[in-house]
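Presented below is the structure to which this report refers.
The values are calculated or read from the model by the stated rules, or taken from the named source; none is laboratory data. Remember, predicted model here, so these are calculated numbers, not experimental data. Positions of Cβ are backbone-derived with ideal geometry, glycine not excepted, and every protein chain shown enters the neighbour counts.
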């Protein structure tokens, strides 16, 4: 027994990531015959172009790193759907490792970090996306590495690793644009305002972090300027999404359907933007989106909040990615129930963990990222798979929430810090928001 405990103490994280890799490969094998979705086709086409000659790629519609990474992987493992799935599964292994390290920084106990890694590798969303050709696995890998290095640097009080953290956040930004503005603005301010070191060191931390990001992003900004003759940080998808989704929302609220000038709104917005000189497209997109918000006001806010509220709904998930529709009829309902149960438990435990966890600067940074993401969903648009990175960032707190529950069961009393008026009010507020959202969306 002692030998087994020693073995598990030394190799538990490796066993967990191996289990995750095996589950990922199984999901990939199950999804080999799944039809290629439109977004997946875009990535595959761009990866093929980059693999043939990267200098032929002049697209600015999406960030480039995922198709470029696929193009590199093609030289190693080939272009088959199974090979791409192995690449996604390897990204999952790296993500589980970075999540383990981040949880160690947040809470120290190794058992909590192992639990968080285990919750991640069996996550239905993580497994489902492993079998797709989508950018989320690569994005989550870079995001977790960046948050871990930033939290570790603040804990140690120096600048070691901060340059690398900036590089990882830049790579994550080149995968999905949503994190770029948070990393460029919020994280440097967070260093200056909340890091527990002298002001001079805080300013140096912020500067080194920005230097790491700009080291990676500057060549891409120059490339975009050469392509479109305008400043474009990462891609044109942000401006298009802001205009399209808000105009579409206004049309639905006003007319009951998203039709503009006799065409689907998304195509008409795309046509109007392309008709403008490149230098005028961002301004037009902002004007269209802002006008739509102004015209609908509080109705817009209510509608977008209701759509974003699906984030909290454990009964909505990507059944196609998980292969549930291809299961025998007798297994579909139990599998759906198990997935919903996992997501519901994760949300409840993570909420409890966020409230009960010690108030540290790292916890504040993650909470700010969650809030930033929700606001971005409201301003632009929301899809089910967009919540996956946020669920990942909530996983360490779900592990902590499980520890809190275990302590309550074992001692049958609350820790004094959990009984503060501020925490009780926050708990009540979360529950009042959470319960109606879930109950109203039960199928």
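So which residues in segment 262-283 are closer than 19 Å to residue 227 by Cβ and either assigned by TED's automatic domain parsing to the domain that holds residue 231 or in a helix (DSSP H, G or I) (or both), if there are any at all?
Result: 270, 273, 274, 275, 278, 279, 280, 281, 282, 283.
In the list 92, 158, which residue meets the criterion of being in the same structural domain as residue 339 (by TED's automatic domain parsing), in a helix (DSSP H, G or I) and out of contact with any strand residue (DSSP E or B) (no Cβ under 8 Å at 6 or more places or on another chain)?
92
For segment 131-155, enumerate the residues that are at pLDDT below 90 and either out of contact with any helix residue (DSSP H, G or I) (no Cβ under 7 Å at 6 or more places or on another chain) or not in a loop (DSSP other than H, G, I, E, B) (or both).
153, 154, 155
Residue-by-condition table, conditions (1) free of Cβ contacts under 8 Å to residues at least 24 places away in the same chain; (2) surrounded by fewer than 22 Cβ atoms within 10 Å (Cβ to Cβ); (3) out of contact with any strand residue (DSSP E or B) (no Cβ under 8 Å at 6 or more places or on another chain):
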position: 24; (1), (2), (3): no, no, yes
position: 46; (1), (2), (3): yes, yes, yes
position: 68; (1), (2), (3): yes, yes, yes
position: 75; (1), (2), (3): no, yes, yes
position: 80; (1), (2), (3): yes, yes, yes
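Yes or no: segment 288-300 includes at least one residue that is on the phi > 0 side of the Ramachandran plot and in contact (Cβ under 8 Å) with a residue 24 or more places away in the chain.
no
Regarding residue 204, is this residue within 30 Å of residue 186 (Cα to Cα), touching a residue at least 12 places away in the same chain (Cβ under 8 Å), assigned by TED's automatic domain parsing to the domain that holds residue 66 and more than 25 Å from the chain's Cα centre (by Cα)?
Yes, satisfied.
State the number of residues belonging to segment 319-348 that are within 21 Å of residue 143 (Cβ to Cβ) and modelled with pLDDT of 85 or more.
Qualifying residue count for the region: 3.
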